[in-house]
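The values are calculated or read from the model by the stated rules, or taken from the named source; none is laboratory data. Since the model is a prediction, treat every value here as computed from it, not as a measurement. Cβ placement follows ideal geometry from the backbone for every residue including glycine, while neighbour counts extend to all protein chains displayed.
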Amino acid sequence: MRRDVFQAIADPVRRDIIELVSKKSLTVNDIAAAFNISRPAISKHIKILNECDIIEIQKEGRKRFCKIQPQNLLPAFLWIEQYKKLWEDRIDSFENYLLELQSKNNKNG
């Protein structure tokens, strides 16, 4: 199965793992300790992140360190970025509508 960055970020646990390792390289055990789910479940998430090239696993002796590959998150960032303006405009429009309603209620109340 071919995996991509969108599969990597689709799961909230994987997003949390990405956030953790974006700050510093961590061992698989360090990552697992940060979650209230089983070590095998964390290993499965790490495996998917590795298959998506979001995390690189480096072996140092007996330890396996997970290191972020931020450049591989770029396709998702670019895809999301194209919709940012659209949503900002819609939110601004909704905010203006709410302010207009509030103003009408203040005049009538």
(request) Name every residue in segment 1-30 that is touching a residue at least 40 places away in the same chain (Cβ under 8 Å), within 13 Å of ILE68 (Cβ to Cβ) and surrounded by fewer than 18 Cβ atoms within 10 Å (Cβ to Cβ), in order of residue number. (result) SER22, SER25
(message) Condition (residue is in contact (Cβ under 8 Å) with a residue 40 or more places away in the chain and among the charged types (D, E, K, R)) applied to segment 68-91: is it met by at least one residue?
(response) no
(request) Scan segment 31-66 for residues that are part of a helix (DSSP H, G or I), in contact with a helix residue (DSSP H, G or I) (Cβ under 8 Å, 6 or more places away or on another chain) and surrounded by 15 or more Cβ atoms within 10 Å (Cβ to Cβ) and jot them down. (result) ILE31, ALA32, ILE42, HIS45, ILE46, ILE48, LEU49
(request) With the condition kept exactly as written, say whether any residue in segment 85-102 is modelled with pLDDT of 90 or more, in a helix (DSSP H, G or I) and surrounded by 14 or more Cβ atoms within 10 Å (Cβ to Cβ). (result) no
